[in-house]
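Below is one structure, written out as structure tokens; the observations come after it.
The values are calculated or read from the model by the stated rules, or taken from the named source; none is laboratory data. What you see is a predicted model, and the numbers here were worked out from it, not measured in a lab. Positions of Cβ are backbone-derived with ideal geometry, glycine not excepted, and every protein chain shown enters the neighbour counts. The protein model used for the area step is the full one, side chains on, heavy atoms only, and it has no ligands, DNA or RNA in it. Shrake-Rupley method; radii C 1.70, N 1.55, O 1.52, S 1.80 Å.
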Amino acid sequence: MNAQVQAPPAFDGEKFKQTTRAQWQTAAEAWDRWGPLLGRWLGPSTEVMLDLAGVKQGSQVLDVAAGAGEQTLAAARRAGAGGKVLATDISPAILEYAAAAAGKAGLGNIETLELDGERHDTLPGESFDAAISRVGLIYFPDQQRALKGIRHALKRGGRFAAVVYSTPDKNPFFSIPVGIIRRRAKLPPPVPGQPGPFSLGGDGVLAATLERAGFHSIEVRRVDSPLRVANAAECVQFERESFGALHQMMSGLSEAERTETWQEIASELAKFEGPQGFAGPCEMLVGAGTK
């Protein structure tokens, strides 16, 4: 008799969101503390995102999965005193840092709202000129529901733009740790359609996802975004403290196994060190569409 192969457990989107919320509640302080690095690393893709979303003086902007608000502040400066940015996130703790950053920067045109990224259909319809999301859309279990909610909140003719990672081979600073953790934790390969860092990075996937949600006049740009820090140890510290997805993948490992995993990651990432420091290859995609 042939042994039956046990199917992997079905993906539970609600449980994933609960875990994600808990992780960001914990990682909020670190994500805020690493804000200057995030600004340097993701600054170029953020500017492209704001350009493609059409954020300008007077714009009413929705920032989805805003985190600690580094890009929220950039959008608010573009929108000016006559505009407004509503920053939403599933984690209330991380939004406290966004609100504090807005106050420190003297920006009075930012509001925050705790909201599941898939529930922007609960906002008043046709309220925003532009919507943005920086490395947030990739982690939503139901990306179509999320996008349709964002589209609901946009005014007709409004633009949505998102920053996502491209493919694993273009992002080894992240895909190497993911691969090591997946092997050590004995995790199955990712299933198409499930959330994850590279879920929208394949050729044509981001554009097709936006089109399916009802957006038109779609544009996707590639932005070279190397992660530059002093050395591999600093890169590992950054990822260890603030990349919730990696911790979620390691949840089944013991403390000793986690320590060994991080040591292997540091060893592998050392190849990106050079005379000018650490430069981790990274490529972002910025995709945008019109309601």
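Side notes on the structure shown:
- When Ala161, Ala146 are checked against the criterion of being open to solvent by less than 10 Å² (accessible area, probe 1.4 Å) and in contact with a helix residue (DSSP H, G or I) (Cβ under 6 Å, 6 or more places away or on another chain), a single residue qualifies: Ala161.
- Cβ pairs under 7 Å, 6+ apart, first in the range 187-202 and within 15 Å of Ser166 (Cα to Cα), second at pLDDT 95 or above and assigned to a loop (DSSP other than H, G, I, E, B): Phe198/Thr167; Gly201/Ser166; Gly201/Thr167; Gly202/Thr167
- Filtered residue count, the range 185-212, keeping only those that are crowded, with 19+ Cβ neighbours inside 10 Å and farther than 28 Å from Ser251 by Cα: 4
- Test: residue in the range 205-219 that is free of Cβ contacts under 8 Å to residues at least 12 places away in the same chain, under 28 Å from Asp12 (Cβ atoms) and among the aliphatic types (A, V, I, L, M): yes
- When the range 125-155 is filtered for residues that are hydrophobic (A, V, I, L, M, F, W, C) and under 16 Å from the mean Cα position of the chain (by Cα), the ones remaining, listed by number, are Ala131, Ile132, Val135, Leu137, Ile138, Phe140, Ala146, Leu147, Ile150.
- From Ala75, Ala66, residue being crowded, with 24+ Cβ neighbours inside 10 Å, in a helix (DSSP H, G or I), touching a residue at least 40 places away in the same chain (Cβ under 8 Å) and under 18 Å from the mean Cα position of the chain (by Cα): Ala75
- Residues of the range 24-38 that are out of contact with any Ser or Thr (no Cβ under 8 Å at 6 or more places or on another chain) and open to solvent by less than 60 Å² (accessible area, probe 1.4 Å): Asp32, Gly35, Leu37, Leu38.
- Across the range 165-185, the number of residues qualifying as without any contact (Cβ under 8 Å) to a residue 24 or more places away in the chain and more than 21 Å from Ser242 (Cβ to Cβ) comes to 2.
- Tally, over the range 134-155, of residues that are closer than 23 Å to Gly35 by Cβ and either part of a helix (DSSP H, G or I) or of a type in the set (Lys, Arg) (or both): 4
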